[in-house]
Structure formats: structure tokens, C-alpha cells
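**Q** This is the structure I want to talk about, given as C-alpha cells.
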Amino acid sequence: MSVTAVQGFEAGGLASGIKPSGAPDLSMVATVDRVPVTAAGVFTTNLVAAAPVQVSKLHLADGRAAAVVLNSGNANAATGAQGRADSLRMCELAATGRGVATADGLVGQPGRLGRPMPMAPVESGVPKLAANLSADDAGGLAAADAMLTTDTVRKQTLVELDLPASPFGHGGGGTTVRVGGMAKGAAMLAPAMATMLAVLTTDAAVDADALQILLTDAVGSSFNSLVVDACTSTNDTVLVLANAKAGNDVITVDSGPAFHLLGEALAAACADLARQMAADAEGATKLATLTVNGARTNHEAQLAARQVASSQLVQCSLYGNDPYWGRVLSELGVSGAWFDQEDVEVSYQGVTVCRHGIAAEHDVDALAEKMGARDIEIVCDLHAGHGTATMLFTDLTHAYVDENMGTS
């Protein structure tokens with residue numbers, strides 16, 4: 001059900017002392033045969049990019065990697081040249097422990113910002129971890145646990161797909177391919193991406209250019225379609241390693257159905273992890289799925305959906321079980337999407353509360369009962385075209401404020 005469910009990968013986690021609590025704080029995923037494989041990454045768009053983001057970007061320039069090392073409890077962000085040296089050292093320790101080049105190591109680091117990285121636990125912990133990975137479920141579970149920060153549960157996924165045989169000798173082969181994944185993230189979740197790390201593994205044979213395109217698209221429809229507090233972090237990282245163990249013909253951008261099928265599998269894995277992250281968001285009592293239909297374009301639909309999902313007023317009314325459609329309509333109006341307000345419809349839980357831009361008669365008591373559910377569905381139809389977009393978001397609660405009123 002995780003990264004080790006894919007043949008050819010092993011993982012592990014341990015407590016090194018980075019976290020004062022003594023909880024697990026070092027995690028690693030690597031190739032069993034210790035050979036670099038095709039790799040790709042998508043990173044934060046924040047100009048204040050943390051040291052691990054800067055280092056991993058450099059190491060992915062050749063589209064290859066053999067190991068990913070992660071710590072939790074310290075983000076190593078806004079730490080300058082020393083921070084970059086520390087992230088590079090983590091890669092070096094992991095690579096040495098696996099017998100590969102430093103440039104074949106990638107690094108991810110969630111936690112507190114602006115604090116020097118405690119390297120003593122890293123120096124002792126990473127070599128020990130690199131030598132004690134396992135390809136069984138226990139290894140995957142340990143790795144998924146050790147990357148968590150304020151998360152309350154581990155987040156894992158596994159997707160399988162059957163690639164068709166290709167009469168043209170590329171991009172298929174009639175083989176079954178797996179995509180496994182693990183992630184962390186519970187706050188500072190916003191489009192582009194979230195305070196999150198995700199590591200995916202696949203046994204598909206795919207070239208680096210195709211893998212990068214597919215991962216970017218998968219992130220766009222999953223992690224980039226998730227809002228908790230509209231804050232974009234410094235450390236956001238999604239990585240994927242593909243080891244070709246499935247034996248399919250190498251998938252390229254010209255591979256037709258196989259290219260699209262692998263993209264769908266990556267997107268499904270990312271979407272599953274994103275939903276798990278939203279469900280575990282700090283202080284959240286509601287998980288809302290917001291769909292905007294009828295925009296002029298998909299881009300305008302996405303603008304509208306993000307505006308509504310990022311609204312603190314909408315999030316607060318959700319916390320109060322209040323289907324306050326007026327706030328939704330107002331946010332749609334400043335989103336940058338064009339529409340005629342007298343054409344708009346809004347529904348909560350399948351009940352239309354706004355039609356033609358004004359209040360619609362409905363059974364208030366029946367809707368109030370439906371609003372008590374944890375999972376809430378909101379649909380907005382702009383009646384301006386065929387564009388559509390979906391966002392996940394949560395309510396804004398007292399518990400979220402309590403969690404984030406201090407340094408975290």
C-alpha cells in the first residue's frame with residue numbers, strides 16, 4: 001500500500017533525535033539494487049525556496065536518482081549557505097550509505113522554518129538508516145511514519161494499471177504497472193502546492209522527459225487543487241522514481257495510450273494522497289469538494305474554484321454548518337472568471353440554494369441536517385461556457401488557530 005509495494009524499492013525510518021519528542025524523524029526510499037533510475041520532481045513556486053528544494057532541483061538535472069532521504073522536525077528553510085551545505089551533506093550521507101554518487105541522492109525536509117539544521121543526529125542517523133532499509137510493508141510503514149510533522153496519521157497509496165501490448169514496439173507490452181506513494185501534509189496547504197512532501201515509486205519503464213510531464217500534470221490536478229489555509233510553503237516537494245522493473249516498453253511522450261494511462265495512474269495516486277492530507281488537515285471538521293462548472297474556460301473555472309476555496313469567510317461558514325451561498329457568490333465575482341451574476345447557480349449537498357443569482361427556495365431543515373456531515377459537496381454553475389474545475393478545501397476552526405498561534 002506504499003512505496004515498497006512497488007517491486008525494486010525499499011524504505012525505512014527511525015528516530016535520530018531531530019525531534020525532541022523522540023518520535024521517528026528520518027525516512028528513506030531507495031532502489032534495492034542501488035542503481036540510479038529515472039526520476040522527476042515538482043517543487044514549490046515560493047521564491048523563498050528551502051535548501052532541500054534547491055539541492056534536489058540540481059540533482060534532478062539529469063533525470064536520475066537512487067535514493068530519497070527525508071527528515072521531519074526541521075525544514076532547513078531560510079538558513080542560507082549553511083542550510084544548502086547541510087542538505088547536500090544529507091544527500092552525501094544517503095548516497096554513501098547506498099554506494100551511489102551524491103548527485104543521485106534527493107532530499108526533503110519539512111518542519112520549522114528559519115532554524116539551523118541539527119546535523120549531529122543526521123550524521124549518525126542517515127548511515128544507520130541507509131544500511132537497514134527493507135522492501136516489505138514494514139519498511140514502507142516506517143518511512144511513511146518518520147516523515148510526519150503535525151500529521152495525525154500516515155498517508156499512503158497504491159495504484160495498479162494494465163498497459164496494453166503495443167504493435168509498434170513502444171509504450172506498452174501488456175504488463176501490469178504499479179505506482180506507490182507516501183506523503184505528509186496537514187497545514188499551509190494551498191494551490192502551488194502545499195506544506196507537503198510526497199514520494200512516489202513506480203516499476204514502469206518511462207523516459208525522464210515523459211515522467212516529468214506526467215508528474216507535473218498529476219500534481220496540477222491533485223496537490224495543486226487543495227486548499228486548507230491558502231499559504232504556500234517553502235519546502236513543497238513531490239518526487240517520483242521509476243525503475244523499469246515491470247518490463248514494459250519504455251514509455252515516451254509519443255507512446256500514445258500507455259503515456260496517458262501512466263499519467264492517469266500517477267494522477268490517481270497523487271489525488272488519493274491529496275485527499276488524505278485534506279482529511280487530516282489541522283483542526284478541520286469538514287472536507288469540502290467544490291466544483292465550478294459552466295465557466296468560459298477550464299482556466300477561469302480554476303480561478304473561480306480557488307477563490308472560493310481560499311476564502312476565510314466561506315471556510316468559517318462551513319465550520320458553522322451554514323450554507324451561506326452569498327459568500328460563495330461574492331468570491332466568484334472577484335475571482336477573475338467572467339459570468340453574468342444572474343445566471344449563477346449554487347448548491348450545497350445537492351440542494352440548490354441560489355438560482356439566477358438570488359436565493360432559491362429549498363427545505364432549510366433538510367439541508368441543515370445534511371450540512372452536519374464531515375464531507376460536504378458544493379457545486380457552482382456559472383452558465384457561461386463549458387469550463388470546469390474541482391478543488392478540495394476544509395473549514396477554518398478554533399483548533400486550527402490554536403495549532404498555529406505559535407511557532408510551528
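The values are calculated or read from the model by the stated rules, or taken from the named source; none is laboratory data. All values derive from a computational prediction rather than experimental measurement. Don't worry about glycine lacking a Cβ; one is built from the backbone with ideal geometry, like all the others, and counts go over all protein chains shown. Keep in mind that these areas ignore ligands, DNA and RNA; they rest on the heavy atoms of the full protein, side chains included. Shrake-Rupley method; radii C 1.70, N 1.55, O 1.52, S 1.80 Å.
**Q** Kindly provide the set of residues from the stretch 336-349 that are buried (at least 23 other Cβ atoms within 10 Å of the Cβ) and among the small types (Gly, Ala, Ser), ordered by number.
**A** 337
**Q** Output yes when any residue across the stretch 5-17 is in a loop (DSSP other than H, G, I, E, B), closer than 30 Å to residue 263 by Cβ and open to solvent by 10 Å² or more (accessible area, probe 1.4 Å), and no when none is. Let's see the steps before the verdict.
**A** The initial filter retains those residues of the stretch 5-17 that are in a loop (DSSP other than H, G, I, E, B), namely 6-8, 15-17.
Add one more test, that the residue is closer than 30 Å to residue 263 by Cβ, and what stays is 6-8.
The next check asks that each one be open to solvent by 10 Å² or more (accessible area, probe 1.4 Å); those that pass are 7-8.
Looking for residues that are in a loop (DSSP other than H, G, I, E, B), closer than 30 Å to residue 263 by Cβ and open to solvent by 10 Å² or more (accessible area, probe 1.4 Å), one finds at least one in the stretch 5-17, hence yes.
**Q** Evaluate the following for residue 360: is it surrounded by 13 or more Cβ atoms within 10 Å (Cβ to Cβ) and at pLDDT below 95? Explain how you work it out, then say what you get.
**A** On the way: surrounded by 13 or more Cβ atoms within 10 Å (Cβ to Cβ): yes; at pLDDT below 95: no.
No, not satisfied.
**Q** Please count how many residues of the stretch 96-119 are basic (Lys, Arg) and open to solvent by less than 50 Å² (accessible area, probe 1.4 Å).
**A** Keep residues of the stretch 96-119 that are basic (Lys, Arg), which gives 98, 112, 115.
The next check asks that each one be open to solvent by less than 50 Å² (accessible area, probe 1.4 Å); those that pass are 98.
So the count comes out to 1.
**Q** How many residues does the stretch 328-369 contain that are in contact with a Gly (Cβ under 6 Å, 6 or more places away or on another chain) and in a loop (DSSP other than H, G, I, E, B)?
**A** So in the stretch 328-369, the residues in contact with a Gly (Cβ under 6 Å, 6 or more places away or on another chain) come out as 341-342, 344.
Add one more test, that the residue is in a loop (DSSP other than H, G, I, E, B), and what stays is 344.
Total satisfying the criteria: 1.
**Q** Next question, about the same structure. Residues that are within 19 Å of residue 338 (Cα to Cα), open to solvent by 50 Å² or more (accessible area, probe 1.4 Å) and modelled with pLDDT of 90 or more: find the helices (runs of 4 or more DSSP H) completely inside the stretch 250-326 holding 2 or more of those.
**A** Numbers: elements: 257-279, 298-309, 312-319.
Those helices (runs of 4 or more DSSP H) span 298-309.
**Q** Select from the stretch 236-247 the residues that are open to solvent by 10 Å² or more (accessible area, probe 1.4 Å) and more than 16 Å from residue 64 (Cβ to Cβ) and write down the one among them that is nearest to the chain's Cα centre (by Cα). Let's see the steps before the verdict.
**A** Of all residues in the stretch 236-247, those open to solvent by 10 Å² or more (accessible area, probe 1.4 Å) come to 243-247.
Checking which are more than 16 Å from residue 64 (Cβ to Cβ) leaves us with 246-247.
Working: 246: 25, 247: 28 Å.
Filtering first and then ranking leaves 246.
**Q** Filter the stretch 249-308 down to the residues that are hydroxyl-bearing (Ser, Thr, Tyr) and over 20 Å from residue 152 (Cα atoms) and list them by number. Steps first, answer last, please.
**A** Here is the first cut: in the stretch 249-308, the residues hydroxyl-bearing (Ser, Thr, Tyr) are 252, 255, 285, 289, 291, 297.
Of everything in the stretch 249-308, those that are hydroxyl-bearing (Ser, Thr, Tyr) and over 20 Å from residue 152 (Cα atoms) turn out to be 252, 255, 289, 291, 297.
**Q** Hey, residue 391 hits all of (1) crowded, with 20+ Cβ neighbours inside 10 Å; (2) at pLDDT 90 or above; (3) in contact with a strand residue (DSSP E or B) (Cβ under 8 Å, 6 or more places away or on another chain) but one; which does it fall short on?
**A** Answer for residue 391: the failing condition is (2).
**Q** Could you check how many residues of the stretch 286-338 are under 19 Å from residue 357 (Cβ atoms), charged (D, E, K, R) and under 22 Å from the mean Cα position of the chain (by Cα)?
**A** 0
**Q** Quickly run through the stretch 75-95 and pick out the residues that are open to solvent by less than 10 Å² (accessible area, probe 1.4 Å) and under 23 Å from the mean Cα position of the chain (by Cα).
**A** Initially, the stretch 75-95 is screened for residues open to solvent by less than 10 Å² (accessible area, probe 1.4 Å), giving 75-77, 83, 87, 90-91, 94-95.
Matches in the stretch 75-95: 75, 76, 77, 87, 90, 91.
**Q** OK, next. Whether any residue in the stretch 305-321 is more than 30 Å from residue 113 (Cβ to Cβ) and out of contact with any Phe, Trp or Tyr (no Cβ under 8 Å at 6 or more places or on another chain) is what I want to check.
**A** Narrowing the stretch 305-321 to residues more than 30 Å from residue 113 (Cβ to Cβ): 317, 320-321.
In the following step, the residues that additionally are out of contact with any Phe, Trp or Tyr (no Cβ under 8 Å at 6 or more places or on another chain) were identified as 320-321.
Yes, some residue in the stretch 305-321 is more than 30 Å from residue 113 (Cβ to Cβ) and out of contact with any Phe, Trp or Tyr (no Cβ under 8 Å at 6 or more places or on another chain).
**Q** So, in the stretch 155-182, how many residues would count as being in contact with a Leu (Cβ under 7 Å, 6 or more places away or on another chain), open to solvent by less than 10 Å² (accessible area, probe 1.4 Å), modelled with pLDDT of 95 or more and not polar (S, T, N, Q)?
**A** The total comes to 4.
**Q** Counting just the residues of the stretch 317-329 that are touching a helix residue (DSSP H, G or I) at 6+ places or on another chain (Cβ under 8 Å) and of a type outside the set (D, E, K, R), which one comes out farthest from residue 366 (Cα to Cα)? Walk me through it before giving the result.
**A** So in the stretch 317-329, the residues touching a helix residue (DSSP H, G or I) at 6+ places or on another chain (Cβ under 8 Å) come out as 317, 321, 323-324, 327-329.
Next, from what is left, pick out any that are of a type outside the set (D, E, K, R): 317, 321, 323-324, 328-329.
Details: 317: 18, 321: 12, 323: 12, 324: 15, 328: 20, 329: 22 Å.
Step by step, filter the stretch 317-329, then rank; the result is 329.
**Q** For the stretch 46-58, does any single residue satisfy the condition of being more than 21 Å from the chain's Cα centre (by Cα) and over 15 Å from residue 237 (Cβ atoms)?
**A** No, that holds for no residue.
**Q** Mind checking which residues of the stretch 187-205 are open to solvent by 10 Å² or more (accessible area, probe 1.4 Å) and either among the aromatic types (Phe, Trp, Tyr) or modelled with pLDDT of 80 or more (or both)?
**A** None - no residue of the stretch 187-205 is open to solvent by 10 Å² or more (accessible area, probe 1.4 Å) and either among the aromatic types (Phe, Trp, Tyr) or modelled with pLDDT of 80 or more (or both), so the list stays empty.
**Q** Could you count how many residues in the stretch 325-367 are under 14 Å from residue 290 (Cβ atoms) and aromatic (Phe, Trp, Tyr)?
**A** Qualifying residue count, the stretch 325-367: 2.
**Q** Across the stretch 45-67, which residue is nearest to residue 199 (Cα to Cα) among those that are part of a strand (DSSP E or B) and open to solvent by less than 10 Å² (accessible area, probe 1.4 Å)? Walk me through it before giving the result.
**A** So in the stretch 45-67, the residues part of a strand (DSSP E or B) come out as 64-65, 67.
Of the ones still in play, those that are also open to solvent by less than 10 Å² (accessible area, probe 1.4 Å) are 65, 67.
Working: 65: 12, 67: 11 Å.
The extreme case among them is 67.
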